[in-house]
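A short write-up of the structure that comes next.
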Amino acid sequence: MDRWGIGHILADTPMSSLSGGEKTKVFLAGAELLAHQVILMDEPTNHLDAEARRQLSDLIRHTQSAVLIVSHDRSLLEIPEVTLELTRSGVNRYGGNYSFYREMRDAKLRALEESLDSHEKALNAARRKARHVIEQKQKSDARSPATERQERTLPGVIDKKRAKAQESTAKLKEIHARKIESIAEGTRS
């Protein structure tokens with residue numbers, strides 16, 4: 001207790017009468033004294049002065065216990081040899097301190113952004129290609145002088161050709177729609 005600067009606190013002193021820093025020091029002294037296999041620390045530097053923070057850093061560095069720290073204190077997060085990131089999809093493990101974690105996470109984000117850009121470019125190219133093919137098909141289906149002559153002489157044949165051209169255009173639209181959907185699916189994953 002003296003080492004943590006709380007030797008003056010008696011064993012029967014109610015915790016509610018202690019300051020925030022004194023409460024934290026009591027818990028840290030208890031963790032050090034009991035030497036549990038695992039110590040969970042939630043914002044352990046809150047309410048601590050500079051000397052108590054130094055002692056906490058020493059405790060973390062030298063304890064035989066596994067220490068799990070949840071903290072916004074970046075200097076404290078430079079101590080652990082492993083950093084865990086809690087995400088919506090689970091827990092990511094990084095073999096290093098906070099600085100290492102930031103480097104790896106930022107590199108991963110850059111790679112994802114590049115992949116997304118690549119997929120978006122492929123998606124846009126597929127959409128442009130689909131539009132181009134459909135436009136070309138529509139132009140070829142447009143009436144030519146030969147088509148007009150045939151219409152006057154063979155209305156049934158022309159109707160069949162027109163229906164076949166429309167069916168062909170619909171198939172092209174469907175093919176390109178599937179390509180675009182496939183590329184879009186790759187972008188979402």
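Structure data summary
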{"read-out": "So Leu154, is it at pLDDT below 80, open to solvent by 80 Å² or more (accessible area, probe 1.4 Å) and of a type in the set (A, V, I, L, M)", "value": "yes"}
{"read-out": "Pairs, first without any contact (Cβ under 8 Å) to a residue 24 or more places away in the chain in the stretch 17-41, second of a type in the set (D, E, K, R) and open to solvent by 20 Å² or more (accessible area, probe 1.4 Å), C-beta under 9 Å, six or more apart", "value": "Leu18/Lys25"}
{"read-out": "Entirely in the stretch 15-97, the strands (runs of 3 or more DSSP E) that have 2 or more residues that are open to solvent by less than 30 Å² (accessible area, probe 1.4 Å) and of a type in the set (Gly, Ala, Ser)", "value": "none"}
{"read-out": "Pair list, Cβ under 7 Å, 6 or more apart: the stretch 101-128 residue closer than 30 Å to Lys173 by Cβ, other residue open to solvent by 100 Å² or more (accessible area, probe 1.4 Å)", "value": "Ala126/Lys179"}
{"read-out": "Flag if Lys108 is among the charged types (D, E, K, R), part of a helix (DSSP H, G or I), open to solvent by 50 Å² or more (accessible area, probe 1.4 Å) and under 30 Å from Glu167 (Cα atoms)", "value": "no"}
{"read-out": "Restricting the stretch 54-107 to residues that are within 20 Å of Thr24 (Cα to Cα) and of a type in the set (Lys, Arg), the residue that is nearest to the chain's Cα centre (by Cα)", "value": "Arg74"}
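Yes or no, residue by residue, for (1) among the basic types (Lys, Arg); (2) in a helix (DSSP H, G or I); (3) modelled with pLDDT of 65 or more:
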site: Lys137; (1), (2), (3): yes, yes, yes
site: Arg143; (1), (2), (3): yes, no, no
site: Thr147; (1), (2), (3): no, yes, no
site: Ile158; (1), (2), (3): no, yes, no
site: Arg162; (1), (2), (3): yes, yes, yes
site: Ala165; (1), (2), (3): no, yes, yes
site: Leu172; (1), (2), (3): no, yes, yes
site: Ala177; (1), (2), (3): no, yes, yes
site: Glu181; (1), (2), (3): no, yes, yes
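The values are calculated or read from the model by the stated rules, or taken from the named source; none is laboratory data. Computed from a predicted structure; not experimentally measured. So basically every Cβ, Gly included, is an ideal-geometry build from the backbone, and we count neighbours across all protein chains shown. Remember, those area values only see protein heavy atoms, side chains included, never the ligands or the DNA or RNA. Shrake-Rupley method; radii C 1.70, N 1.55, O 1.52, S 1.80 Å.
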